[in-house]
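Bear in mind these aren't lab numbers, they're just calculated from the coordinates by the rules spelled out. The model shown is predicted, which means the values in this text are computed figures rather than measured ones. When we count neighbours, we look across all protein chains shown, and the Cβ atoms used for this are built from the backbone with ideal geometry, even at glycine.
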Amino acid sequence: MTDRHEPGFRQSVDLMFNRAAALMKLPPGLEEKIRVCNSTYTVRFGVRLRGRIETFTGYRSVHSEHMEPVKGGIRYALSVDQDEVEALAALMTYKCALVEVPYGGAKGGLCLDPRQWEEHELEQITRRFAFELIKRDLINPAQNVPAPDMGTSEREMAWIADQYARMNTADINSRACVTGKPLNAGGIQGRVEATGRGVQFALREFFRHPEDVARAGLSGGIEGKRIIVQGLGNVGYHAAKFLAEEDGARIVGIIERDGALHDEAGLNVEEVKQWLHRKGGLKDFPHVAWHAEGARLLEAECDILIPAALEGVINLGNAARIRAPLIIEAANGPVTAGADEILRQKGTVIIPDLYANAGGVTVSYFEWVKNLSHIRFGRIQRRQEEARHELLVRELERLSADKGLGWTLAPDFKERYLRGAGELELVRSGLDDTMRAAYQSMREVWHGREGVTDLRVSAYIVSIQRVAASYRAKGL
Ligand code: NAD
């Protein structure tokens, strides 16, 4: 239940921005210039479906053009409206600045429930929406580059890329007009998992700092930590899967649209995902307690809470009852400004959305660079790198034999050392580096700047500083 005093999503983001701006000394007027959304385009278009004309409403909002292209996903959901799209576009500006991805912020949305339409109908709708945006340069490799978000995936991105190519037959960079495409349509390895992977890398970096971990009243590493995740879609599924399978966390709760599963022994994320895929909900998943009121599980005891579905789920109505000492915002805006204040007073540590879910846009950036350079990462240097490694291994083995040292290299070392990095390894390495560096920049502000109490305000300060510097450099 949301409180009637709860501000809207857009206002909530502005309140968070204001809290940071109040701690900074920005030149007069610049604060306002950075905060406001530059433009929002609304389009209503008709598509002939099921024997009648259906009218759809879509948006593309550009928050800041201090760098171009502007970047931001396209969401398909019934909740989509101007307020939501503008809030998400603003978050994109701050996110890109924080992770040093050279884009301005944008977002798009189409007000529809994708589950109500067949695949071929969705293709017709998507192509028509893309047509409207492309003809106004609101999709363009140099100006405005969408990506997937809630309710869309690589399938929709492939349709958009194809639509752009049909309308711009001589544009050699047409594939760079959208990211999150399938590999065979100009995508990049590791993009589908990127946001969830970024959540994992963010938590790994957080747990490298015992001082920060202690602020949440926790200790040790990720292993054995009890996690509750809301939303087992692209972001939530990958984050939960990697944290459980690779870092030894225990996923004790999963919340979906129709309810929640709770099992202190730990849930098998892959099995739950398969069930969700087959049945459309979590109900009747074998041998695990199911609760119809899913959102109540947000309030259950656990070490880490990962809201990975939609905005505003932790609000004035439930913030006081949230027991998790650490929240990582995999979704955009899951904690409202009011709830944020309550949680801060309780001492809850929140790893904010503009950092936590930046893995998607980071790998989208890699994909865009790949599209513009027309070559897969690693293609030129991989075998040369392997040959050099082999040279060293051979020399070590020769020395060992000549001098009778009896050294033998462990077989798995040899195999791993000899393998040159392919696209996936390079993407993961770039993502890991980005998440570590951005955390460091937030952390410096968190621990080193007067008046700063939390990671969210630190993240905003770092971002606003960077956007302000770029405006100053342009001489606006
Ligand atoms: P998705 O559509 O793949 O998954 C969303 C999941 O949440 C679905 O499984 C859906 O059933 C579930 N869900 C919807 N309403 C729910 C509710 N009320 N309670 C519980 N579960 C509910 O979307 P996604 O791409 O995983 O995006 C999730 C969030 O992450 C969004 O806030 C999005 O803006 C953000 N995000 C996504 C990306 C990306 O690369 N996809 C990048 C950055 C941020």
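Structure values in brief
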| read-out | value |
| --- | --- |
| The chain: antiparallel DSSP beta bridges as a percent of all, rounded to 5 | 50 |
| Size of segment 222-286 as Cα extents on the principal axes (Å, biggest first) | 31, 22, 16 |
| Overall form of segment 37-187 per C-alpha gyration tensor (a/c, 1.5; a/b vs b/c) | oblate |
| Peptides 161-171, 122-132 ordered by average Cβ neighbours within 10 Å, highest first | 122-132, 161-171 |
| Sorted largest first, extent of segment 359-476 alpha carbons per principal axis (Å) | 66, 38, 25 |
| P(r) tail fraction, segment 355-404 - alpha-carbon pairs more than 12 Å apart, % | 74 |
| Dimensionless Rg ratio for the chain, taking C-alpha atoms and the 2.2 N^0.38 Å reference | 1.02 |
| Distance between segment 266-283 and segment 1-76 - C-alpha centres, whole angstrom | 33 |
| Average silhouette area of segment 194-359, convex hull of alpha-carbon atoms, in square nanometres | 8.4 |
| Sparsely packed trypsin sites (Lys or Arg not before Pro) within segment 1-99, loop by DSSP, other Cβ within 10 Å at most 14 | ARG4, LYS25, ARG50 |
| Cross-link pairs LYS135/LYS181; LYS33/LYS474; LYS95/LYS273; LYS71/LYS135 - those with Cα-Cα distance over 19 Å | LYS135/LYS181; LYS95/LYS273 |
